[in-house]
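**Student:** Quick one: the structure is below, and I'll ask about it shortly.
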Amino acid sequence: MRILVTGVTGQVGHELSRYDWPEEVEIVAASRHDLDLADPGAIESYIAAGRFDAVINPAAYTAVDRAEADPVTAWKVNALAPAAMAAATHKAGIPLICVSTDYVFDGTKADAYDEEDPISPVGVYGASKAAGELAVRTGNPRHVILRTSWVFSSHGANFVKTMLRLAADRPHLRVVDDQRGCPTSARDIAAVLAKITLRLIADAQAPTGTYHFSNAEPTTWCGFAKEIFRQAESFGYRVPDVEAIATTEYPTPARRPANSVLDPTKIERDFAVVPRPWRKALAEVLSDLAHGATEEPEVTR
């Protein structure tokens with residue numbers, strides 16, 4: 001069983017390369033040096049020649065603010081690359097599993113977003129990811145699109161590592177407190193992607209479509225920061241004062257959704273996935289960081 005994983009240097013791709021796959025599974029973990037996601041032709045050729053049983057695509061252009069000034073690259077990676085993957089996997093007769101984002105929504109809904117809610121992205125990043133979703137849906141019927149939010153891990157750039165880095169030099173941090181969402185462990189996302197992928201390979205009648213997954217219990221960025229430092233203190237990290245501020249006090253080039261909470265009911269029903277609280281996942285990541293357990297993925301070429 002041979003599975004292609006893109007974006008191995010990213011958070012989710014890294015965790016997929018570390019996942020405890022069954023012995024019969026060979027993971028081909030492609031970095032950007034192996035597979036240029038800005039080149040649709042290269043993508044189609046790579047998949048056609050790979051004899052894969054499935055493709056998992058967690059790779060994305062995720063620099064939300066930079067995308068506002070670099071829309072061409074964002075659209076190449078987030079929209080045209082999934083389109084090429086969908087065409088190539090459909091031709092090969094294999095499933096495609098892609099990771100998407102809460103940013104396809106504008107964040108104005110009062111409660112959690114479900115998969116039937118209309119998308120309405122408010123920036124380049126969200127719009128490019130929404131276009132990628134559409135390309136996957138129309139390009140390969142045997143697909144799963146997994147939307148998630150606020151991804152963190154011990155690898156790569158993310159909010160947890162940024163907070164710890166800033167706290168090392170600053171006794172006081174100001175963090176936005178009027179954007180709500182669910183922090184989500186990249187390790188937990190990888191486990192869900194693995195479960196879905198293995199089922200799609202084994203069962204031609206397995207459910208397909210769009211699903212929401214995030215760790216349980218909504219919070220704000222400020223609430224997330226305070227919990228990071230509450231737990232990090234026991235690992236010897238410096239703990240600053242954390243001040244809650246409004247989004248208007250921290251302007252950014254790209255607008256963020258005020259509400260990013262995703263409803264996991266559908267994935268619980270179809271794939272028996274029950275999200276755990278993000279605080280438990282956070283404890284694992286902080287332990288990894290404190291003990292240096294951030295090894296790089298092994299890349300199979």
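**Student:** Expressed in nm², what is the orientationally averaged projection area of the convex hull enclosing the Cα positions of segment 189-301?
**Tutor:** Taking the Cα atoms of segment 189-301, their convex hull projects to 10.8 nm² on average.
**Student:** Sum up the charges of everything whose Cβ sits under 15 Å from the Cβ of ALA254, counting Lys and Arg as +1 and Asp and Glu as -1, but leave ALA254 out. Mind dumping the intermediate values first?
**Tutor:** Values: positive: ARG66, LYS129, ARG255, ARG256; negative: ASP65, GLU68, ASP70, ASP102, ASP106.
Result for the local shell: -1.
**Student:** Could I ask something else about it? Counting pairs of Cα atoms in the chain, how many percent are more than 34 Å apart?
**Tutor:** 18 percent
**Student:** Could you work out the Kirkwood radius for segment 10-87, taking every pair of different alpha carbons, averaging 1/r and inverting it, reported in Å?
**Tutor:** 13.6 Å
**Student:** Could you work out how far the C-alpha centroid of segment 162-236 sits from that of segment 44-78, in angstrom?
**Tutor:** 21 Å
**Student:** Can you give the relative contact order of the chain as a percent, counting alpha carbon pairs under 8 Å and 6+ residues apart? Mind showing how you got there, number by number?
**Tutor:** Numbers: 612 pairs, mean separation 69.1, N = 301.
Relative contact order, the chain: 23 percent.
**Student:** For segment 1-152, compute Rh as the Kirkwood radius over C-alpha pairs and then the Stokes-Einstein diffusion coefficient at 20 °C and 1.002 mPa s; write the answer in µm²/s, rounded to an integer.
**Tutor:** 137 µm²/s
**Student:** Indicate, rounded to the nearest 5 percent, the antiparallel portion of the DSSP beta bridges found entirely in the chain.
**Tutor:** Working: 2 of 33 bridges.
If I count the DSSP bridges inside the chain, around 5 percent turn out antiparallel.
**Student:** Could I ask something else about it? What residues qualify as long-range amide H neighbours of ILE145, i.e. H under 5 Å apart, gap of 5 or more or another chain, H built at 1.01 Å from N?
**Tutor:** Residues meeting the amide H criterion: CYS98, GLY209, THR210, TYR211.
**Student:** Can you tell me which aspartates and glutamates have their Cα less than 12 Å from the Cα of LYS226? Leave out same-chain residues fewer than eight positions away.
**Tutor:** Candidates past the 8-residue exclusion: ASP177, ASP241, GLU243.
**Student:** Could you work out the relative contact order of segment 46-130? I mean the mean sequence separation of Cα pairs under 8 Å and 6+ apart, divided by the number of residues, in percent.
**Tutor:** This gives 38 percent for segment 46-130.
**Student:** Using +1 on the beta carbon of Lys and Arg, -1 on that of Asp and Glu, and nothing else charged, what's the dipole of the chain about the Cα centre, debye to 20?
**Tutor:** For this selection, approximately 140 debye.
Any read-out appearing in this document is the output of simple, stated calculations on the displayed coordinates, not a laboratory observation. Values in this document were obtained by computation on a predicted structure and should not be read as measured data. Here the Cβ is made from the backbone with ideal geometry for all residues, glycine too, and neighbour counts use every protein chain on show.
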